[in-house]
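One structure is given here, and the rest of the page talks about it.
The values are calculated or read from the model by the stated rules, or taken from the named source; none is laboratory data. Keep in mind it's a predicted model, so treat the numbers as computed, not measured. In this analysis, Cβ positions are derived from the backbone assuming ideal geometry, glycine residues included, and neighbour counts consider all displayed protein chains.
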Ligand code: ADP
Ligand code: MG
């Protein structure tokens, strides 16, 4: 059972290459990987950080997957690829890219033409599976929003106003008035995402300053019909969420395990709430278990995904550079917390079938009552 549970939260680390600035800065890589073991020099041990050969102590972390010097495709094949069939079968799936600004979140999610990212590969595989399914017809609706300063904006339409979250009795938490496009092909979805990215509060002006504070949330809602009878199948919508999170810098706050002391602070509230939810979910066995989903827009939106009935992949991104030690250490600490989250998932079933059976029983009872009169 543990094995099945553990698979529902996969925590991966992705180490990007040293960048030009780091190389010019004579930064050196302080990270190495042995299978699922990540070994990092503990720079806290060095008074003079450049003098790292002086004394060496290492920190070791185990993760489900660790990627270094590999393509997005390899990352995809070993993480998110396993989520697509479940999502088509009515199970929620959620992918987070976590990490400080400049660590490779957007590269991992979107990638480049030569090295297409997780979003592209996921959507492509989803359509391939949908098109080759001879039993079912799928309908896929997509939405793409940004959460910036706790305000939700639609990225699929120009000049979107702010959107609110609402509790829907059948669909769970929904974004009221969000535009949903019926998706037909990978190219169409990617051009919507590309256009959406240009609308991020963020990318337009000072990318580093602003995009670091906004979360981009892409969601695909998948429903299915029987190809022959054309009836809607009783498996309720699966929801696939791909999330490029705000930069996790100021990560020292993750030290405050499970505490909610950040009200009113300037620090990204959604990211802190996510940290608090992850901490709480990791501590499930403890008394007074409470997950503060309501603390932010992001966590409210993902309530049915995060730790709920959902398969989750968290890809935490780090730089290998010695100058980034602090942020990388925080990211690894955060990701280690997420490893403790375990839960079971099941397909979202509509209750229609059950209701029909009940009504049939009632009718047949009434019939026999009438006949016996
Ligand atoms: P973030 O979204 O976390 O702020 P980016 O994805 O924009 O970071 O990455 C910062 C820079 O590093 C970009 O120029 C990007 O192309 C580069 N980069 C990130 N990850 C990789 C990688 N795995 N391979 C090559 N270049 C990368
Ligand atoms: Mg980015």
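Taking the criterion of being within 10 Å of ligand 1 (Cβ to nearest atom) and within 14 Å of the chain's Cα centre (by Cα), the residues of the range 95-114 that qualify are 97, 98, 99, 105, 106, 108, 109, 110. Among the residues making up the range 108-129, none is surrounded by fewer than 19 Cβ atoms within 10 Å (Cβ to Cβ) and within 11 Å of ligand 2 (Cβ to nearest atom).
Mind checking whether some residue in the range 204-215 is more than 20 Å from residue 103 (Cα to Cα) and modelled with pLDDT of 80 or more? The answer is no, given that none of the residues of the range 204-215 is more than 20 Å from residue 103 (Cα to Cα) and modelled with pLDDT of 80 or more.
Any residue that is within 23 Å of residue 303 (Cβ to Cβ) and within 16 Å of ligand 2 (Cβ to nearest atom) - is there at least one of those in the range 84-95? Within the range 84-95, one or more residues are within 23 Å of residue 303 (Cβ to Cβ) and within 16 Å of ligand 2 (Cβ to nearest atom).
Tell me yes or no: at least one residue of the range 115-131 is part of a loop (DSSP other than H, G, I, E, B), at pLDDT 95 or above and within 15 Å of ligand 1 (Cβ to nearest atom). There is at least one residue in the range 115-131 that is part of a loop (DSSP other than H, G, I, E, B), at pLDDT 95 or above and within 15 Å of ligand 1 (Cβ to nearest atom). The residues on offer are 67, 76, and the sole one that is under 19 Å from residue 217 (Cα atoms), modelled with pLDDT of 95 or more, within 14 Å of ligand 1 (Cβ to nearest atom) and surrounded by 21 or more Cβ atoms within 10 Å (Cβ to Cβ) is 76. Whenever a residue of the range 96-112 is over 16 Å from residue 268 (Cβ atoms) and without any contact (Cβ under 8 Å) to a residue 60 or more places away in the chain, its partners that are more than 6 Å from ligand 1 (Cβ to nearest atom) and in a loop (DSSP other than H, G, I, E, B), lying with C-beta atoms within less than 7 angstrom and at least six residues away or across chains, give the pairs 111/117. For the residues 103, 160, 179, the requirement of being outside any helix (DSSP H, G or I) and within 16 Å of ligand 2 (Cβ to nearest atom) singles out 103.
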